[in-house]
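**Q** Just dropping this structure here.
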Amino acid sequence: MRAATWKAPLAAAIAIIVVAHPVAAQYNVARDRPYTADCEIMDQWTGLVDGVVDSDTSPGCFATGNEDDFPKTVTIDLQRPCSINRIAVHNSTNGNTRGLVISCSEDGVNFEELRQFIFPQAQPITLNHRFQDRPAQFVRIMFTNSWGGGLGGDYRIYVREVEVFGVPTDGTPVELAPPAPVGDPLVRTRDLRLFRRWVIEDDGPLTMALLGDSAAACGEDAWPQIVAERLELTRPDGAAVTVAAMTEDGLSPEHASGHLGMIVEEEPHLVMVTFGSDMREFERERFRSSMSSLLARLLADTEAMVLLIGPVPREDTLEVSRRVLREMERLADALNLPLLRTEAALARADLTEDQLRDEDGALSEAARNVIATGVLELLLQPSLEQ
């Protein structure tokens, strides 16, 4: 975040000295802040809060998909409580953008409507809405309809920029619960294709290691065993696949370091790591630090492929498991690790909450098969030469 700074010019002579209380300089508190949308966003047209106020092309301009479902909303998270008194919405010459509603919120749940407005078709007009100071961490722009006839279709909404002017306050930031994961449950990497070519398709023995909580528990009918059995069917001459499990109910990343020595001794070809299914409380920095340290040691001390498995959601800890998954997604991206987004895989299979576990709390057969299938889809993706 680049906060604007300024210096007042020095007067040649000062006849009167005025003593005043210092006033914080206002600036665009939305610049480079994250935002979410309840609609599709056109690929690379993401410049809603990038500071570029005069672009009608990607990536400086923002554009939604061309679906005819209205309203379409975007919500900007200022990431800390602020006192705001002006919101500027810069219309694009690409057309379509018509009615909008501006709202703000302190908690991201309850929004106060501030202004309704209709942009003329394809006119580069800026709506500068000023109002009494409002406490807010979230600003929502709702697009209610379209003029039609614009660039790329009748329903694609374009906005050059949204600016929110104010100052941060001393309040505690609100962290919203992550939404349900959507899209592809599988995060693939190039290394996985190499792993298939040089390890899975080899006729030597293959050792899989499991590290994590109850979601990784092994047994005759557990999903790791299903993976091992199905892998053997795909390997040359049914080459053996063995499973070494270092799992414990309630295990967290910071307490899993004691298992690393045993994993290293196994010299595994593949290590699957899963945490979060048993967690009831989540401290982001603590989890991020301990998980990063654990993965760094695994990558340094073994030559194994490391695969992350997202937590299995529970109704009473859904928010926690989604926060864990969000951190896993960030780590997967930073370290170029494959990831199974378990909740998305279960949703794709249309499994409801009461179908995920048996009466004793163990994963149901249906859930075990979904996880095993997801892992196998990752491991058996097409090789580089195909």
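Just so you know, all these numbers are worked out from the coordinates, no wet-lab data involved. Worth saying up front: this structure is predicted, and the values here are computed from it rather than measured. No Cβ is skipped: glycine too gets one built from the backbone with ideal geometry, and neighbour counts run over all protein chains shown.
**Q** Please give the length that would be gained between Ser364 and Glu265 if that part of the chain were fully extended, namely 0.36 nm times their separation in residues minus their C-alpha to C-alpha distance (nm, one decimal).
**A** 32.5 nm
**Q** Considering Cα pairs under 8 angstrom that are at least six residues apart, work out the relative contact order of the chain and quote it in whole percent.
**A** Worked out over the chain, it gives 15 percent.
**Q** Restricting to Cα pairs below 8 Å that are 6+ residues apart, what does the relative contact order work out to for region 186-379? Please round to a whole percent.
**A** 25 percent
**Q** If you don't mind, there's one more thing I want to ask. Determine the calculated [θ] at 222 nm for the chain from helices alone, applying -39500 (n - 2.57) to every DSSP H run no shorter than 4 residues and normalising by the residue count; nearest 500 deg cm²/dmol.
**A** That calculation yields -6500 deg cm²/dmol at 222 nm.
**Q** Considering the options Thr36, Pro179, Val375, tell which one lies farthest towards the positive end of the dipole of the chain, charges being +1 on Lys and Arg and -1 on Asp and Glu at the Cβ, about the Cα centre.
**A** Value computed over the given set: Thr36.
**Q** In whole angstrom, note down how far apart the Cα centers of region 163-190 and region 312-386 are.
**A** Measuring centre to centre over Cα atoms gives 20 Å.
**Q** How big is the antiparallel share of DSSP beta bridges in region 186-379, given as a percent to the nearest 5?
**A** 15 percent
**Q** Oh, and also: Sketch the reach of a paramagnetic label on Asn128 as a point 7 Å from Cα along Cα-to-Cβ, and name the residues of region 30-59 whose backbone nitrogen lies under 20 Å away.
**A** So the set is 30-31, 49-55.
**Q** Next question. Towards the positive end of the charge dipole of region 298-374, with charges on Cβ (+1 Lys, Arg; -1 Asp, Glu), say which of Ala366, Ala347, Leu307 has the farthest Cα.
**A** Toward the positive end, the furthest listed residue is Leu307.
**Q** Right, another one. By DSSP, what percent of the beta bridges with both residues in the chain are antiparallel, rounded to the nearest 5?
**A** Bridges in the chain are about 70 percent antiparallel.
**Q** Averaged over all directions, how much area does the convex hull of the C-alpha atoms of region 27-168 cover when projected, in nm²?
**A** 7.0 nm²
**Q** Also, quick follow-up: Using the crude model of +1 on Lys and Arg Cβ and -1 on Asp and Glu Cβ, and no other charge, please compute the dipole size for the chain relative to its Cα centre, in debye to 20.
**A** Computed charge dipole of the chain: roughly 2280 debye.
**Q** From the phi angles alone, apply the Karplus equation (6.51, -1.76, 1.60; θ = phi - 60°) to region 46-53 and give each ³J(HN,Hα) in whole Hz, x where the residue is Gly or Pro.
**A** For region 46-53, the Karplus-derived couplings read 10, x, 5, 9, 8, x, 8, 9 Hz, x marking Gly and Pro.
**Q** How much length is gained on full extension from Ala300 to Gln121, taking 0.36 nm per residue of separation minus their Cα-Cα distance?
**A** 58.7 nm is the gain from fully extending Ala300 to Gln121.
**Q** Name the residue farthest towards the positive end of the dipole of the chain from the options Leu206, Val139, Met291, assuming +1 on Cβ of Lys and Arg, -1 on Cβ of Asp and Glu, about the Cα centre.
**A** Toward the positive end, the furthest listed residue is Val139.
**Q** Which order, highest average first, do 228-239, 267-278 follow once you tally other Cβ atoms within 10 Å for each residue and take the mean per peptide? Intermediate values should be presented prior to the final figure.
**A** Working: 228-239: 14.0, 267-278: 23.7.
Most protected by this proxy first, the peptides run 267-278, 228-239.
**Q** Of the peptides 249-259, 98-108, how do they stack up when ordered by the mean number of other Cβ atoms within 10 Å, highest first?
**A** 98-108, 249-259
**Q** So what are the ³J(HN,Hα) numbers for region 176-187, from phi and the Karplus equation (6.51, -1.76, 1.60; θ = phi - 60°), rounded to whole Hz, Gly and Pro as x?
**A** 6, 5, x, x, 4, x, 10, x, 5, x, 10, 9
**Q** How far is the Cα center of region 34-95 from the Cα center of region 208-228, in Å?
**A** Each part reduced to its Cα centre gives a spacing of 43 Å.
**Q** Mind ranking 51-62, 348-359, 139-150 by how tightly packed they are, going by the mean number of other C-beta atoms within 10 angstrom, highest first?
**A** On the way: 51-62: 16.8, 348-359: 12.3, 139-150: 19.3.
Ranking the peptides 51-62, 348-359, 139-150 by packing returns 139-150, 51-62, 348-359.
**Q** Using the Cα centre of region 186-379 as the reference point, and only Cβ charges (+1 on K/R, -1 on D/E), how large is the resulting charge dipole? Debye, rounded to the nearest 20. Please list the in-between numbers first.
**A** On the way: 21 positive and 37 negative charges, 197 e Å.
Dipole magnitude for region 186-379 comes out near 940 debye.
**Q** Would you mind estimating how fast the chain diffuses translationally, via Stokes-Einstein at 4 °C and 1.567 mPa s with the Kirkwood radius over Cα pairs, in µm²/s?
**A** Result for D is 54 µm²/s.
**Q** How large is ³J(HN,Hα), in whole Hz, for each residue of region 237-248 in order, when computed from phi with the Karplus curve 6.51 cos²θ - 1.76 cosθ + 1.60 and θ = phi - 60°, using x for Gly and Pro?
**A** 6, x, 3, 5, 10, 10, 10, 10, 9, 10, 10, 7
**Q** Compute the Rg to Rh ratio over region 187-299 from the alpha carbon atoms, using the Kirkwood formula for Rh, and round to two decimal places.
**A** Radius of gyration relative to Kirkwood radius: 0.99.
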